[in-house]
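Report on the following structure.
The values are calculated or read from the model by the stated rules, or taken from the named source; none is laboratory data. This is a predicted model, so every value here is computed, not measured. Here the Cβ positions follow ideal geometry from the backbone for every residue, glycine too, while neighbour counts run over all protein chains shown. Each accessible area value is taken on the protein alone, full model and side chains, heavy atoms only, with ligands, DNA and RNA left out. Shrake-Rupley method; radii C 1.70, N 1.55, O 1.52, S 1.80 Å.
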Amino acid sequence: MAPGRPPAGRGTGGPRGSQRKTTRRRRRNSEELEPTQMTTWQPSSAPVPEGEIIIERGSTAKDVGPKLNRSAADIIRFLFLQGEIVTAVQALSDDMIELYAAEVGATVHLVDPGEQQEAALLAKFFDEDDLDDEIPAEPRPPVVTVMGHVDHGKTKLLDQIRKTNVVAGEAGGITQHIGAYQVSWHGKTITFLDTPGHEAFTAMRARGADVTDIVILVVAADDGVMPQTVEAINHAKAANVPLIVAINKIDRPDANPDRVLQQISEHGLVPEKWGGNTICVEISALQGIGIDELLEQVLLVAEVGELRARPKGRAMGIVLEANLEVGRGPVATVIVQKGLLAVGDPVVAGAAYGKVKALIDDNGKAVATAGPSTPVRVLGFSEPPMAGDEMRVADDLAHARSLAEARAQRVRLIGHQPVAAASGARLEDLFEQIQRGETATLNVVLKADVQGSLEACTESLRKLERDDVKLVIVHRGVGGITENDVQLAKASGATIIGFNVRPDRRSRELAESEGVEIRTYEIIYKLIEEIEAAMVGLLSPVFEEVVTGEAEVREVFRVPRIGAIAGCFVREGVITRGSKVRFLREGTIIWKGTITSLRRFKDDAREVAAGFECGIGLSDYQDLKEGDIIETFDEREIPRTA
Ligand code: GDP
């Protein structure tokens, strides 16, 4: 084994990703335990260097020893006594390094490889203190996030405010799309993050991106304070963001606004009406009642907050969402926090960089610039950055590029570090493992439709971790479930979790033959519920979706009075009229519904088998493109062996 860099984890070239922690119960083959110099160790009384010692994650005993004035053997011996067998050139987990540092009384600061160089680059090229001093700050619009329990009307409210019907196209309780829009009210602008639910809010905050100035907490007057309401209150408190309570659904006969006031005051939010300082507004998102008053209150709170930012100069912003778009390449939704972002600016966000090719505002119009609190879609990045990444403007493209490359390098180094051994439990076996008193590890390969939902799912999954159930995300990414994902899951004993994405036929077949479990969800809530249930051995019956047919769209016709018809080629199985369908574009679900009409040539057909062409009538989803896949499926309950 070559000295220096640690060997890759079990199954070289297998599991990768941002997973840093190694499991504490790693077992190694005896041949991997190469001889080390166990005999030379420092006297345990030797002093350790003073002050904070910077150690890169994934360092080996050989790297760490000298930094702490100890030998590799000291560390190996110590870890051996703790029940961990490691070699001198094997990457140590964060826990191991910290444990040893504590043992010898050293203060260590763990950094990702390359983190220091990156910080130096940032300080050199992106220091904006001078600009901030030169250009005076001016008032900027408030940025508002709507939070609250599922079904309490967050989407409806955002919808009512924007006056477009977002709810109709939604898959379920929680809106998955992450974007933002601005409204103008009485000549003043308010920016809304179109991300109802606290998942996205927390995911952003977890990445150090505080973009929200004000939280609107929606509480349904007929339902009252619910678990997610309480969570939202806690998140807003933790973020120190002012909160306005919107008591919704007051049009309902069973609405009881006073009960809501009572309940929120139990959580420390005493309404103004009762002498406290929590602003409460009674609204009906459905009927548009109280919306004006709510917006007025938002502006009042914003005024008190004296929100200001530098309106000119190099821009800085936060990425809300990013994805790859056909024909456009990487597109990132960014909310500008200060300065003026302009077309042609060299930008960097995370490991992505580029020159801004175009800026598109929330109405889909191309704009030349975007100032503070403005959400814009930015075209021109080399790759999609991550939600929560800070976007900065460089003085020239080369600087943007060098920073992006330093970050990419860091990400690669992290990716090459060994990950957890392939000993994960399947979702169904999780409880059994817990009951046997073992620490169960659920290894997961997580795929989602957009960066924002990926972050939200990751965040939610992380929260489920307990002492006896460890969750290891072996790999995560945006896009459909590929054969690669299946292979990775197989190699790492992982369950594949897909959010708004599907496996294609080949990956589905591979998963079946390799015995890899794929679970797909369209609502975050359901995903969490199911994993929580698995942890207590209460997995509800699974309704397996059996794919019955698959057709590829070859052409879309418009027929007067009938609408759009997709000319398709049936690639597999049978397409039957009336069956449930899903439209997929590059593995991502774009629509779900039923087939209304099915034709072979000019005749109506009940079913069309593989190898034939057919026309499929599309009721309300007309936006199909050539190359999209129409998948039909049945739902079947899988008997569970208790
Ligand atoms: P979310 O999960 O919080 O985003 O909730 P939605 O906005 O999807 O709303 C959930 C359900 O409540 C939908 O069926 C809405 O039509 C309904 N709803 C929302 N606001 C109101 C309201 O003010 N009055 C009534 N009666 N129904 C509402």
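How far apart, in nm, are two points set 7 Å out from the Cα along the Cα-to-Cβ line at LEU122 and at PHE601?
Each label point lies 7 Å from its Cα, and together they span 6.7 nm.
Keeping all protein chains in the complex and leaving out DNA, RNA and ligands, what accessible area do you get for ASP94 with a 1.4 Å probe, in Å² to the nearest 10?
My reading of the accessible area for ASP94 is about 20 Å².
State whether the stretch 237-291 is rounded, prolate or oblate according to the following rule on the C-alpha gyration tensor (a ≥ b ≥ c being the square roots of its eigenvalues): a/c under 1.5 gives rounded; otherwise a/b larger than b/c gives prolate, and the remaining case gives oblate.
Prolate shape, in that a/c is at least 1.5 and a/b is the bigger ratio.
Ranked by accessible surface with a 1.4 Å probe, highest first, in what order do MET226, MET391 come?
MET226, MET391
Calculate, for ASP361 and ASN484, the FRET efficiency according to 1/(1 + (r/R0)^6) with r their C-beta to C-beta distance and R0 35 Å; round to the nearest 0.05.
Efficiency computed from Cβ-Cβ geometry: 0.45.
Just reorder ILE473, ILE518 by solvent-accessible area, largest first, 1.4 Å probe, all chains present.
The ordering from most to least exposed comes out as ILE518, ILE473.
Within the accessible area of the stretch 301-340, what % is carbon and sulfur when the probe is 1.4 Å and the other protein chains stay in place?
Here carbon and sulfur together make up 54 percent of the probe-accessible area.
As I understand it, the dipole of the stretch 493-608 uses +1 on the Cβ of Lys and Arg and -1 on the Cβ of Asp and Glu, about the Cα centre. Which of VAL553, PHE583, ALA564 lies farthest toward its positive end?
Value computed over the given set: ALA564.
What is the extension gain from VAL546 to GLU635, computed as 0.36 nm multiplied by their sequence separation minus the C-alpha to C-alpha distance, in nm to one decimal? Write out the running numbers ahead of the final one.
Details: separation 89, 0.36 × 89 = 32.04 nm, distance 0.61 nm.
Contour length minus the Cα-Cα distance gives 31.4 nm.
Calculate, in nm to one decimal, what GLU50 and ASP94 gain on full extension: separation in residues at 0.36 nm each, minus their alpha carbon distance.
13.8 nm
Protein chains only, probe 1.4 Å: how do SER513, SER382, SER402 rank by accessible area, largest first?
The ranking, largest first, comes out as SER513, SER382, SER402.
Of LYS67/LYS463; LYS154/LYS188; LYS188/LYS365; LYS163/LYS312, which sit over 25 Å apart, Cα to Cα?
LYS67/LYS463; LYS163/LYS312
Could you tell me the calculated FRET efficiency between ASP467 and ASP129, based on Cβ-Cβ distance and R0 = 45 angstrom, to the nearest 0.05?
Calculated value: 0.55.
Could you work out how much longer the chain between ALA368 and GLU325 gets when fully extended? Use 0.36 nm per residue separation minus the Cα distance between them, nm to one decimal. Each step should come with its number before you reach the end.
Values: separation 43, 0.36 × 43 = 15.48 nm, distance 2.07 nm.
Answer, rounded to one decimal: 13.4 nm.
Residues of the stretch 242-282: accessible area per residue at 1.4 Å, in Å²?
Using a 1.4 Å probe on heavy atoms only, each residue of the stretch 242-282 averages 51 Å².
Using a 1.4 Å probe, how large is the accessible area of GLU266, given in Å² and rounded to the nearest 10?
Here the residue's solvent-accessible area equals roughly 130 Å².
Rounded, prolate or oblate: which fits the stretch 452-562, taking a ≥ b ≥ c as square roots of the Cα gyration tensor eigenvalues, rounded meaning a/c under 1.5, else prolate when a/b beats b/c?
prolate
Can you compute the label reach from ALA610? Point 7 Å from Cα along the Cβ direction, backbone N cut-off under 15 Å, restricted to the stretch 547-567.
Counting only backbone N, you get 547-552.
Note the direction-averaged projected area, equal to a quarter of the hull surface, for the Cα convex hull of the stretch 314-401, in nm².
Working: hull surface 18.5 nm².
For the Cα atoms of the stretch 314-401, the hull's average projected area reads 4.6 nm².
Sort the stretch 480-519 into rounded, prolate or oblate with this rule: let a ≥ b ≥ c be the square roots of the eigenvalues of the Cα gyration tensor; rounded if a/c is under 1.5, and if a/c is not under 1.5, prolate when a/b is larger than b/c, oblate otherwise. The partial results should precede the final answer.
Working: a/c = 1.69, a/b = 1.22, b/c = 1.38.
Cα axes put the stretch 480-519 in the oblate bin.
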